[in-house]
Amino acid sequence: MSRLILTNGRILTLASAATGDGPRRGAAMRELGILADGEIVIDRGMISALDTSGKSPRRPTDRVVNLSGRVVLPAFIDCHTHACSAGERYGEMAMRLAGTPYLDILAAGGGIMSTVRAVRDATVETLASNLRARLALMRATGTAHVEVKSGYGLALDAELRMLCAITAVAANDPGIVQATFLGAHAIDGDEHVYCDLVEQEMLPSVVRAFGAIPCDVYCEKGAWSRTRARQLFHAARALGCPLRAHVDQFNELGFLADAIELGARTVDHLEATSKDALEIVARSPSIAVLLPGCGLSLDLRFADGRALVDQGGAVAIATNSNPGSSPMTSMPLAIALAARFYRFDHAEAITAATWNAACALEIQRHAGSIEVGKRADLAILPTCDERALAYEWGSVAPSATLVGGKLVAGELVAGELVAEELVVRSLD
C-alpha cells in the first residue's frame with residue numbers, strides 16, 4: 001500500500017509532554033507544538049513518522065505532496081452539536097430580529113418544540129440522511145469528529161429513533177461520531193410526568209440499547225429545574241453514563257455547582273455564569289465548552305472565556321450546530337468568534353477547537369494532535385500563518401481535510417497541493 005507524505009508544511013502538532021493526556025489549561029492552551037518546516041508520513045490511515053529534515057526515506061510507491069509552507073493542523077473536533085434533526089426554523093429568525101426573546105418563542109411552542117414536531121414525523125433514514133449532509137458541510141471546513149445529541153424527540157420512540165440514526169451514521173463514517181442522550185432537553189407536557197419518564201423509562205431504555213453513552217441535561221427556566229436535573233444526573237451516574245450539562249445559558253439557576261460536584265465531564269454554555277462561579281469552573285476537573293454561535297444568533301451575549309483561561313480553566317469551543325439558536329457548521333467560524341468575543345488569542349482558540357475538544361469527548365488518545373501512532377486526521381489551510389484562522393472571517397477554510405488518512409474534502413495531487421494561491425503568507 002502506498003504512503004502519503006505531506007512535506008514542506010508548517011505543522012501545528014498540538015503535542016505537549018507537559019500536560020500528558022489531560023486538557024490544556026491556562027497558559028498551556030497557547031502551546032501549539034509547531035514544526036516550522038516539517039513533513040508527515042501517513043501509512044494505512046495512521047501517522048507513521050514526523051520529520052523536520054525533509055529527508056525521511058522514500059519508497060517508489062509513495063505519494064508526496066509539497067505543501068509549500070502551508071499550515072497543517074489536527075482536524076477540528078466539534079464536541080457539542082445537535083446536528084441530527086429535521087425541518088427548519090427560518091421563521092423564528094424574523095421573530096428574533098423583531099425583538100422576541102428566545103424563551104418567549106419556546107414558551108409559545110416554537111424553538112426546540114418546533115423541531116421536536118418535525119423529528120417525531122421523521123424516519124430513521126431521513127434523520128440519518130440529514131445528519132450525513134451536515135457532516136459533509138463540517139468536513140468541508142476541516143472537522144473530523146463530531147458529538148451529536150438526541151433531544152428533539154422528547155418521547156421514548158423518537159429519542160431511540162434519533163440515537164439509531166446517529167449510531168447508524170457513526171458505523172459507516174470515517175470519523176468518530178459520538179452519540180449523547182439528551183432526553184432532558186425541554187419539558188413536553190407536565191413537568192413531573194415528563195421528568196419521571198426521562199429518568200425512569202427513557203434513560204434505562206437508552207442504556208440497554210446503546211450502552212452507557214453520555215447523558216446531557218438542559219437546566220434552564222422553561223426547561224429542566226435544578227432539582228430535577230440533579231436527580232437525573234444521580235440516576236445517569238448510577239448507570240455508568242458520563243455526564244454533560246447545558247447550564248447558565250440565559251439564567252444562573254445554581255445547577256453548575258451540582259454538575260461539577262457530580263463529576264460532569266463538561267459544562268456547556270456559561271453565558272449567564274457569575275464571576276465567582278467561573279472561578280469554580282476554572283478550578284474544577286470539568287471542561288468548559290463554550291458555544292459562540294448562540295451569542296451570534298440570539299442576543300450577542302457570550303461567556304467570559306478570557307476569565308476562564310486566565311484562571312487556569314480548561315476550555316473547548318464548538319459550533320452547537322442546530323436549526324434554531326446556532327445554525328452553523330464551521331469550526332473556523334467558531335475560532336474567529338472565540339477570538340473576538342472570548343478574547344482568545346489564535347493559539348488558545350485553536351487548542352480549544354482541537355486538543356481540548358478531543359478531551360471533552362475522551363478521544364484524545366486517537367485524535368486532537370499530530371503525533372506518531374495517531375490517526376491521520378488533518379486540516380490543511382490555504383495560508384502559511386495560522387493566525388489567519390482567528391483574525392480573518394472565513395477566508396482560510398481548509399484546502400483539504402483528511403480523516404483517517406483519507407481525503408474527505410478538498411483535493412490533493414502528487415507533487416503539489418491543489419488550491420488557490422496562498423491567502424496569507426505572513427501577518428504583520
Which residue, VAL169, VAL207, VAL193, tops the fluctuation ranking in a GNM of the chain built on C-alpha contacts under 10 Å? VAL193
Positive-end residue, the chain charge dipole about Cα centroid, Cβ charges, pick of ILE42, THR383, VAL124: ILE42
Once you've got the GNM for the chain with C-alpha springs shorter than 10 Å, pick whichever of ARG226, ARG59, ARG301 has the biggest mean-square fluctuation. ARG59
Can you list residues whose amide H is under 5 Å from ARG3's amide H, if they're 5+ apart or on another chain and H is modeled 1.01 Å from N? ASP62, ARG63
Could you tell me the center-to-center distance, by alpha carbons, between the range 40-86 and the range 190-226 in angstrom? 40 Å
Zone reached by a paramagnetic label modelled 7 Å from LEU103 Cα along Cα→Cβ, restricted to the range 237-251 with backbone N below 15 Å, covers 247-251
Taking the simple approach of a point 7 Å from Cα along Cα-to-Cβ for both SER129 and ALA212, what is their distance in nm? 3.8 nm
Net dipole in debye of the range 251-385 [+1 Lys, Arg Cβ; -1 Asp, Glu Cβ; about Cα centre; nearest 20]: 300 debye
Within the set ALA108, ALA307, ALA158, GNM on the chain using Cα springs under 10 Å gives the largest fluctuation to ALA108
Over the chain, what is the relative contact order in percent, taking alpha-carbon pairs closer than 8 angstrom and at least six residues apart? 22 percent
So for each of 330-338, 40-48, 312-320, 81-89 I average, over its residues, the number of other beta carbons within 10 Å; can you give me the resulting order with the highest mean first? 312-320, 330-338, 81-89, 40-48
Counting pairs on different chains as well as pairs 8 or more places apart, how many Lys pairs in the chain have Cα atoms under 30 Å apart? 8
Can you list, by residue number, the Cys in the chain that have no neighbouring cysteine C-beta under 4.7 Å? CYS79, CYS84, CYS164, CYS195, CYS219, CYS294, CYS359, CYS384
I'd like to compare 394-406, 276-288: which one has the highest average count of other Cβ atoms within 10 Å, and what's the full order after that? 394-406, 276-288
Listed highest first by mean packing, meaning other Cβ atoms within 10 Å per residue, what order do 97-105, 252-260 come in? 252-260, 97-105
Can you tell me how the range 102-215 classifies by the Cα gyration tensor, rounded, prolate or oblate, using a/c under 1.5 as the rounded cut? oblate
So how far, in whole Å, is the C-alpha centre of the range 392-411 from the one of the range 333-352? 19 Å
Tell me, what does the Kirkwood hydrodynamic radius of the chain come to in angstroms if you use every pair of distinct C-alpha atoms? 21.7 Å
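Read-outs: derived from the displayed coordinates by stated rules, not from any lab. Fair warning: this is a prediction, and the values are worked out from it, not measured in the lab. When we count neighbours, we look across all protein chains shown, and the Cβ atoms used for this are built from the backbone with ideal geometry, even at glycine.
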